[in-house]
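Engineer: Below is one structure. I have some questions about it.
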Amino acid sequence: MSVPAPPRPRVAVIDDEPDVSTFLQLALEDAGFDVLVSNTPVSVLQGLRAFAPHVICLDVVMPERLGPSLLTDIRRTEELREVPVVILSGLPDGARTLDGLDSGGGGPPPAAFLEKPIDAAALVLTVRRLLAGGSRARP
Amino acid sequence: MSSCPWLPADRTLLFDEIPCSIVVVDRSYTIVDRNPAFAAIWGDGLGATCHELTRGRPGPCSGCPAEKTFRDGERRVLAQNGRDRHGKPVHTLVHVAPVHDAGGSVSHVAIMSTDLTVTRRLQEEYQTLFEQVPCFVAVVDRDLRVVKANRLFRRVFGEPDGERCYALFKHRQEKCDDCPAERTFGDGGTHTSRHVGVSRAGEETHYLVSTAALQPGDDGPTHVIEMALDLTDLTRLEREKLEAERLAAVGQTVAGLAHGVKNMLTGLEGGMYVTSTGLKRGDPKRTSQGWEMLERNIGRISSLVKSLLAFSRGEGPRPSRFDPGEVVREIHDLFCQSAARHGVELRVDAGAAPVGPVVMDRDGLRSCLENLVSNALDACLVSGPAPCVIDMRLLERDGTVTFEVADSGCGMDYDVKQKVFTSFFSTKGAGGTGLGLLLTRKFVQQHGGTITFDSTPGRGTTFRLSFPRQRLPELPPEGGPGATDPECGSSRRQ
């Protein structure tokens, strides 16, 4: 009788660009994660609560639009409040983007920032570090 | 009525009624007569000396004009400042005239004083205003020579010294083409225009000058006053603001472009990863998926570059005659399935009356409507779970053909509205180049139309493209580029 495999860590990817989310999904699945993908931020909270991710990868899209408001919603959701969030963005100034998002919802600030174009190995490394309880990864 | 032995009888009435104070003193400066106007200011005064009465002095005043006239028999005119019997300052214009006795000697002196107190006050006020007003003020004659200039003018442009205004203001040798002073000399009216001058320190000076007629005569004004408001600092601030906005726009453009390109690069990165891992695993399905990602993102980069080039090179429209309703239906067919997949209803309202053929760039119109419907669909996708509807309307009223795309999506807030026509501004992240509405506006302008929109956050947005028929382009000559007229079988507009 075989020993059941330990549950795989769960990572949620929220990006409105299907090719990007497909890429991240495959890269993370290849690295051994269970991945939930959402291309539309609308109604994503319900799916996130059900999926109970260990890490969330969130595209900020444009800084004044969907990403920040969704981050605020995540921080206001009890089950998701403490989940580490990796910000994905094509905006060049990662540190400033993180600082600009710090105040959303009262929970912890984003744990890491990855600037696009995203390298699959860097993404996997970042997620693994966060799962291991690594310190906040500044760019 | 006074009895004036030194005056002819028929002038006594004038002595009493003239609105000036007149007093007559003898050689001891004793007042021997005065008219009612004098008495009204100084009291009766008869028998008193003038210096006692008017100055409270025991002896004659220093430089007393009466004393001089007693001595030389000459008339004299002078301005005097003093105080009335109530102690209030009085400014007077004094005429001193000798009164001769039968032997021809000066026995008395008549002193006539005109009260200029009010006039003087007005003069002082005017002078203060003229000198202190924070404008350049100059009075010019018909030859445009500056006969008077205020302090600020003198400080910035130098002493007039009879120079002409254009020489002082602009260091010019000839009068300005749009000289407002000359126009005021011509019609007596007020004229205003903006100018750039050069200060005496050689600095560029911007000012808004208004002119008004002074001393109007039968042949028009003899002088004109030029009042110029210094706009130099304001102009500098305007330039700085424009430059800051330009730099901000450049920064925003570059950031937007970089953002869009980076998303496409991520798509390429993903395509390479998926293709590569597919090949390594001998997984044709995955390899094919990666290849499609590569193709798609290369296509998007290509599309972005083409859009940039199309926008920058100012390519003109290629007009043809076609049925606009057909294009609307094509766009409906293009989007209706994907809209339905997202729970969005896409409807076409052809309007009560059919709209006849139009002469436009068909492909351009199609791109515009495609862009508007795509935006509307995106607005619906982020608007929440409530059912969303997109209505496409085509209507014609008073010779203007209007295409409307109305959605019940998320709407736009103030900030987004302000940026709608900004290059590379997109609310769609990697999904948009930020050029769509910019290109749409360019298309509309090329066809003599207008693009407008109404939007309310949470309620939706309506974009309208309106084209007055008389401003639509003509069909090109037969055989020329774009000379297609499938409906009429002719390249000419019917």
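The values are calculated or read from the model by the stated rules, or taken from the named source; none is laboratory data. The structure displayed is predicted, hence computed values, not measured ones. All Cβ positions, even for glycine, are placed from backbone atoms using ideal geometry, and neighbour counts span all protein chains on display. The protein model used for the area step is the full one, side chains on, heavy atoms only, and it has no ligands, DNA or RNA in it. Shrake-Rupley method; radii C 1.70, N 1.55, O 1.52, S 1.80 Å.
Engineer: How about segment B:256-283: which of its residues lose at least 10 Å² of accessible area in the presence of all protein chains relative to their chain isolated, using a 1.4 Å probe?
Structural biologist: Residues passing the criterion (a loss of at least 10 Å², heavy atoms only) are B:259, B:262, B:263, B:265, B:266, B:267, B:269, B:270, B:273, B:274, B:281.
Engineer: What order, most packed first, do the peptides B:291-302, B:336-347 have when packing is the mean number of other Cβ atoms within 10 Å of each residue?
Structural biologist: B:291-302, B:336-347
Engineer: Follow-up. How long are the three semi-axes of the equivalent ellipsoid for segment B:9-116, computed from the Cα gyration tensor as the root of 5 times each eigenvalue, in whole Å, largest first? Intermediate values should be presented prior to the final figure.
Structural biologist: On the way: eigenvalues 80, 56, 35 Å².
Ellipsoid half-lengths, sorted descending, are 20, 17, 13 Å.
Engineer: Here is a further query. Determine, for each peptide in B:25-32, B:67-74, the mean count of other beta carbons within 10 angstrom over its residues, then list the peptides with the highest first.
Structural biologist: Listed from highest to lowest mean packing, they are B:25-32, B:67-74.
Engineer: Around residue B:28, what is the net charge, scoring Lys/Arg as +1 and Asp/Glu as -1 over all other residues with Cβ under 12 Å from its Cβ?
Structural biologist: -2
Engineer: Given N residues in segment B:133-230, what is Rg(Cα) / (2.2 N^0.38 Å)? Intermediate results must be reported in sequence, preceding the final value.
Structural biologist: Details: Rg = 12.2 Å, N = 98, 2.2 N^0.38 = 12.6 Å.
Rounded to two decimals, the normalised Rg is 0.97.
Engineer: Right, something else. Could you compute the net charge surrounding residue B:462? Neighbours are other residues with a C-beta less than 11 Å from the C-beta of residue B:462; K and R count +1, D and E count -1.
Structural biologist: Neighbour charge sum, excluding residue B:462 itself: -1.
Engineer: Using a 1.4 angstrom probe on heavy atoms only, work out the carbon and sulfur share of the accessible area of segment B:133-230 in %.
Structural biologist: On the way: 2400 of 5120 Å².
Within segment B:133-230, the accessible surface is 47 percent carbon and sulfur.
Engineer: On to the next question. For segment A:5-59, just list the percent of Cα-Cα distances falling in each 5 Å bin from zero outward, please.
Structural biologist: In whole percents, the pair-distance histogram is 5, 22, 32, 25, 13, 3, 1.
Engineer: Across the residues of A:19-29, average count of Cβ atoms on other protein chains within 10 Å? Mind dumping the intermediate values first?
Structural biologist: Numbers: counts 16, 11, 1, 9, 11, 3, 2, 9, 5, 0, 0.
For peptide A:19-29, the averaged partner shielding equals 6.
Engineer: Then there is this: With a probe of 1.4 Å, find how much accessible area segment B:171-248 has per residue, and write the answer as a whole number in Å².
Structural biologist: With all protein chains present, segment B:171-248 gives 64 Å² per residue.
Engineer: Quick check: Cα centre of segment A:1-25 to Cα centre of segment B:130-166, how many Å?
Structural biologist: 81
Engineer: At a probe radius of 1.4 Å, figure out the B/A buried accessible area, summed over both chains, and give it in Å² to the nearest 100.
Structural biologist: 2400
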